[in-house]
Structure formats: C-alpha cells, structure tokens
1. Within region 202-248, which residues are open to solvent by less than 10 Å² (accessible area, probe 1.4 Å), farther than 26 Å from residue 53 by Cα and among the β-branched types (Val, Ile, Thr)?
2. Mind checking which pairs have a first residue in region 220-248 that is closer than 20 Å to residue 209 by Cα and a second that is part of a helix (DSSP H, G or I) and hydroxyl-bearing (Ser, Thr, Tyr), Cβ under 9 Å, 6 or more apart or different chains?
3. Would you check if residue 69 is in contact with a strand residue (DSSP E or B) (Cβ under 7 Å, 6 or more places away or on another chain), modelled with pLDDT of 70 or more and under 18 Å from residue 207 (Cβ atoms)?
4. Among the residues of region 159-179, which ones are modelled with pLDDT of 95 or more and under 27 Å from residue 54 (Cα atoms)?
5. Might you check whether a residue that is under 17 Å from residue 227 (Cα atoms), modelled with pLDDT of 95 or more and in contact with a strand residue (DSSP E or B) (Cβ under 9 Å, 6 or more places away or on another chain) occurs anywhere in region 98-114?
6. Can you go through 64, 34 and tell me which one is modelled with pLDDT under 80, basic (Lys, Arg) and open to solvent by 60 Å² or more (accessible area, probe 1.4 Å)?
Amino acid sequence: MSVSVAVPFYTASLALLLAFAILRFLFCTLVFRKLVVRLFVKFAGAEISQEVYGDSLFGWEMYKAVTTALMIDMKKKAKRGKEAPNPSLMSADGQSRSYLLDFARESRPLVVNFGSCTCPVFMERLREFENIMAEFSDVADFLVIYISEAHPKDGWAFQTEFDVKQHRTLEERIRAAQLMLSSCNLQAPVLVDFTDNEANLAYGALPIRLCIILNGRVEFTGGMGPTFYNPEQVRRWLNRWKEREIKV
C-alpha cells in the first residue's frame, strides 16, 4: 500500500472506529435508533426495516465491511476522464469469458451497475435502473456486474431472502448471480466478476456503484453505496448527453 493511500486510510479507519463506538452506544436509545433509520432510508433511497439489519449497525462486522469498501474506493483505478479499466468477466451462465469494454460501442455511453443480491438497496433500486434502461436504450448500453456480496451471511449479514456466503469460487459467485436473476426480470446483460475481484478493485465497486464509460474513458463514477448510490444521477447525465447529441 502506497503512503498516499495508507495515511488517509488509517486516519479514516481510526476516526470511524471512534465514531462507531459512540454511535453504537447511542444506538441503544430508542430516539437515536429511530433517527438513524429515517436518515438511512432518506439517503439510501430505499425502505429498509430494522428486521433486515437487526442490531448490526455500528457493530464490528459493519466496521470491517465499511473499512474494506473504503480501502477499495481509495485504491480504485477508474477516475473520471481517465482510460476505463477493462477487467475480465464471466457470463452469468458460466459459459463465456469476455472483457468489460467488449460491451461498449463507439459514441454510445455504457452504463455499468455493480452490486450483489444481498444488498437490499441494490435489489430495490434495480427497478429504477430498469426504467432508465427503457428510457435511454436507443442511445446508451447497459451492463450489470455481479461482485462480492455486500452482506454475506458469514460477514455483515442482513436478514433478506438471499442467504449467501461470501464467494470462495467462481462457481459460487455464478450461482449467486443466477439467484439474483431468478428474483427479477432484468433485461441488461449480467456479467460476473472473477474471484480475484479485478472489476471490483478497478472500479471501487463494493458494496454497490454506478459508472458510465464513453469511447474508452470513464465519464461518470457515482459515489460509494449505499448512501451515495443514486441512479437518478445517471438519468440526469444521460439526459444532458442526449440533448447535446441532438443539438449536434
């Protein structure tokens, strides 16, 4: 780890540890618990009941998950205006291998949605993503990449319909991707990140993230989810791009 990454990472990790200790104590009070729930729903843009996350907020497993995602975010290669990383991916049926940029066409934005079925925000907002696909399918392409589980049952687990451990093999990740597909009517191509997590690491994807690639360059990178995961930002970007293209 380079010094430029290590110093801010360990500084942020220590600050988070202190904040989590305070917040965990406050979370025991009913008033603060209700406030946290309201804020979580507001920023995540998804209705998530306490039954889903239980008493896991600000606990040790959450701390480990957040610091892991923070590290991946700080080390990501995908930067706005820079050449787009081109990780190797597997089809959701496990039959064919390809590269991310194989799905990009010249002069057409490629919208990439990273996530996993154990993230309730990702699953709930897939409908919003599908609406954007339908609205802009004439001018843009769309892709979903299945990455590491956000809330595996052997980690920071949420109580959802998806009872999935963190993937140790590609076959396990493919099965998880197929589980996601069986629960929705997703029209976008779905690819699976290999277990070396090349796509996840390159794009800072964990736990969920949105990205737009155009002519081989990263033109938009959404914030780290779930708090800053916002499909509406993609809609606004595509609207502006479409308006410029019409004028030309």
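The values are calculated or read from the model by the stated rules, or taken from the named source; none is laboratory data. Bear in mind that the values here come from a model prediction, so they are computed numbers and not experimental data. All Cβ positions, even for glycine, are placed from backbone atoms using ideal geometry, and neighbour counts span all protein chains on display. Accessible surface areas use protein heavy atoms only, side chains included; no ligands, DNA or RNA. Shrake-Rupley method; radii C 1.70, N 1.55, O 1.52, S 1.80 Å.
1. If the condition is that a residue be open to solvent by less than 10 Å² (accessible area, probe 1.4 Å), farther than 26 Å from residue 53 by Cα and among the β-branched types (Val, Ile, Thr), then 212, 213, 218, 234 are the ones that fit.
2. 221/203
3. no
4. Within region 159-179, 164, 165, 166, 167, 168, 172, 173, 175, 176, 177, 178, 179 qualify.
5. yes
6. From the options 64, 34, the qualifying one is 34.
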